[in-house]
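See structure below.
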Amino acid sequence: MKKPLPSLVGFSEKNHQWFAEGISLAKLAHDFSTPLYVYSKEAICSAYRAYDAACIRPNGTRRARIHYAMKANSNLAVLDELKQLGAGFDLVSGGELARALQIGADPKSLVFAGVGKSSAEIENALRAGVKCINVESISELQRINIIAKTLGLRAPISLRVNPDVNANTHPYISTGLKDNKFGIAFHDVLKTYREAARLPHIDVLGIDCHIGSQITSASPYLDALDKVLGLITQLQLEGITIHHLDLGGGLGIDYGGESPPNITEFTNTLLNRIEEQGFNHLEVLLEPGRSLVGNAGVLLTQVEYLKTGVDKNFCIVNAAMNDLMRPALYEAYHAIVPVQMSSAKPNQYDVVGPVCESGDWLGKDRTLAVYEGDILGILSAGAYGFVMSSNYNTRGRAAEVMVDGNQAYLVRERETPESLFNNERTLNQASTLKQK
Ligand SMILES: *Cc1c(COP(=O)(O)O)cnc(C)c1O
């Protein structure tokens, strides 16, 4: 399988060596060991700036704000850099709320999404004073109303609408079809807004939709947008005013051959449509995740063994499906490159990890010129990489490094085996504890 390399900012190849900004990936692998996630600060900043610049319209008014969907990569260093650039955040759990508060994010820059928010999560979000809770069902709306009443406040909410549009992406990351669990079914939206308007501890602020991820064309967004703008008009006729429109995230990136609209084009297309339809008063929120960080990260791994099979050759590396789950989960493609050119003879390999599952592969049928011991870079691993990693096979999760120019910062230490079973006890130990 021969695909073009993704075009990257912050990572480049010079004189047969790959670099993260000013530092060679070989040096980072040597200094921090592998598997290792490496992020480029410049790549994150440049993607953010592309969004932010497009949020300001030609006449100088700011029409939209960016709320980074931190589930894509929630390392505190990533969050802190984006906060410093002015980003707000989109949260999907109480854990993510705790991360946002940990880096000192302004609660008014936080929106809280998710189809199954617990009472404790809702209470914590309301106590923290988040900007908005995006509500996904009538039961959730009623639950929020009760919790807000106990806290003696009014909960700021949007309803997440399921616009029933096909985002043409992998079924597991498609969220805006009527068969998906997400959002309020299109034909129930008006009735749910009426209920929201009636509830005394609910403050209706906006409307929200998020149709999926790794979307490579603007057209499903425009379809969803038109439907949502129609709803806003109908709601106004009923005396329900919508102040903000949250269009979710989902813009795809180039993993090798995709050509999604670039960030500026994409943002302009959406904002132009909103203005053309006469909704100049609406505050717009965008919640990009992958498109801010996906191409800002590389996973470094070392070749342990080269193994010749009957029909296939295997390049067995020290990273696995527990480190980067996307290939196993979605059959996702990541470009894989040796970080230093070697004199090895090119050969075709399946790049696989040490985990005891045949689903544990990182790349199939790749032509690589490598020796045992060489370092490979798995590209475009900045989004849904580390955050989806697990401890399967009692493998400690990888370390994470952020590079800024000629400086490398260890932003998460490698996990030790002991840390993985620290919270466990044998029955004997547990019964001793119970007696105390
Ligand atoms: C996951 C998610 C996003 C971000 O999606 P990307 O494809 O990473 O841009 C935005 N909003 C919500 C509600 C999400 O669940």
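Here, each number is a calculation from the coordinates, and none is a lab measurement. Please read all numbers here as calculations on a predicted model, not as lab measurements. Methodologically, a virtual Cβ is constructed for each residue, glycine included, from the backbone with ideal geometry; neighbour enumeration extends over all protein chains shown.
Compared with the alpha-carbon gap, the fully stretched path from residue 343 to residue 9 is longer by 117.5 nm at 0.36 nm per residue.
Just going by the charge dipole of segment 63-288, with Lys and Arg at +1 and Asp and Glu at -1 on Cβ, which of 89, 101, 266 is farthest out on the positive end? My answer, from the dipole projection, is 101.
Rounded to the nearest 20, the Cβ-based charge dipole of segment 175-252 about its Cα centre (Lys and Arg +1, Asp and Glu -1) stands at 140 debye. The phi-based Karplus calculation (6.51 cos²θ - 1.76 cosθ + 1.60; θ = phi - 60°) puts the 3J(HN,Hα) values of segment 371-378 at 10, 4, x, 5, 9, 10, x, 9 Hz, whole numbers, x for Gly and Pro. In this calculation the C-beta distance from residue 262 to residue 429 is compared with R0 = 60 Å, giving a FRET efficiency of 0.60. Extension gain for the segment residue 418 to residue 305, taken as residue separation times 0.36 nm less the Cα-Cα distance, is 38.0 nm to one decimal.
Restriction of the GluC sites (Glu not before Pro) in segment 310-417 to DSSP coil positions whose beta-carbon has at most 13 other beta-carbons within 10 angstrom yields 331, 372, 413.
In order along segment 166-173, the Karplus-derived 3J(HN,Hα) couplings, from 6.51 cos²θ - 1.76 cosθ + 1.60 at θ = phi - 60°, round to 8, 7, 6, 10, 4, x, 6, 10 Hz, and Gly and Pro are given as x. Only beta bridges with both residues in the chain are counted; by DSSP, about 50 percent of them are antiparallel. Each of residue 238 and residue 49 was given a label point 7 Å from its Cα along the Cα-to-Cβ line. The distance between the two points is 4.5 nm.
Residues whose amide H comes within less than 5 Å of that of residue 170, counting only those at least five positions distant or on another chain, are absent (H built at 1.01 Å from N in the peptide plane).
What is the Cα centroid distance between segment 81-105 and segment 32-46, reported in whole angstrom? Centre-to-centre distance over Cα atoms comes out at 19 Å.
3J(HN,Hα) couplings calculated from phi for segment 19-24 with the Karplus curve 6.51 cos²θ - 1.76 cosθ + 1.60 (θ = phi - 60°) are, in sequence order, 10, 9, 6, x, 10, 6 Hz; Gly and Pro show x.
For the residue pairs 3/181; 27/345; 83/227; 41/227; 108/178, the C-alpha atoms sit more than 28 angstrom apart in 3/181; 83/227; 41/227; 108/178.
When DSSP beta bridges are restricted to pairs lying wholly in segment 63-288, around 5% turn out antiparallel.
Within a straight-line Cα-Cα reach of under 15 Å, residue 71 can be paired with the following aspartates and glutamates, leaving aside sequence neighbours fewer than 8 residues apart in one chain: 80, 90, 96, 287.
Among 398, 423, 201, whose Cα projects farthest towards the positive end of the dipole of the chain, with charges put on the beta-carbon of Lys, Arg (+1) and Asp, Glu (-1)? Ranked along the dipole, the leading option is 201.
Work out, in µm²/s and without decimals, the Stokes-Einstein translational diffusion coefficient of the chain at 4 °C, 1.567 mPa s, Rh from Kirkwood over C-alpha pairs. Estimated diffusion coefficient is 56 µm²/s. Dipole size of segment 1-47 about its Cα centre, with +1 on Lys/Arg Cβ and -1 on Asp/Glu Cβ: approximately 200 debye, rounded to the nearest 20.
Given R₀ = 35 Å, FRET efficiency for residue 84-residue 194 by Cβ-Cβ distance, to 0.05? Approximately 0.25, to the nearest 0.05.
Shown here for segment 94-188: trypsin sites (Lys or Arg not before Pro) in loop regions (DSSP other than H, G, I, E, B) with at most 14 other Cβ atoms within 10 Å, namely 178, 181. Once the Kirkwood radius over Cα pairs is known for segment 63-288, the Stokes-Einstein relation at 25 °C and 0.890 mPa s delivers a diffusion coefficient of 139 µm²/s.
Could you pull out the chymotrypsin sites (Phe, Trp or Tyr not before Pro) across segment 349-410 that fall in loop regions by DSSP (anything but H, G, I, E, B) with no more than 14 other Cβ atoms inside 10 Å?
Details: sites: 349, 361, 371, 384, 386, 392, 409; in loops: 371, 384.
Here the chymotrypsin sites (Phe, Trp or Tyr not before Pro) that fit, given the DSSP loop and packing criteria, are 371.
For segment 63-288, a simple Cβ point-charge model (Lys and Arg +1, Asp and Glu -1, everything else neutral) yields a dipole of about 720 debye relative to the Cα centre. Close amide H contacts of residue 155 (hydrogens built in the peptide plane, cut-off under 5 Å, sequence separation of 5 or more or a different chain): 202, 203. Straightening the chain between residue 280 and residue 108 buys 59.7 nm, computed as 0.36 nm per residue apart minus the Cα-Cα spacing. Straight-distance candidates among the aspartates and glutamates for linking to residue 307, with alpha-carbon spacing under 16 Å and chain neighbours fewer than 8 residues away dropped: 350, 360, 365, 372, 374.
Of the complete DSSP H runs in the chain, those spanning 27 angstrom or more by Cα along the long axis with a mean Kyte-Doolittle score not below 0.0 are 219-237.
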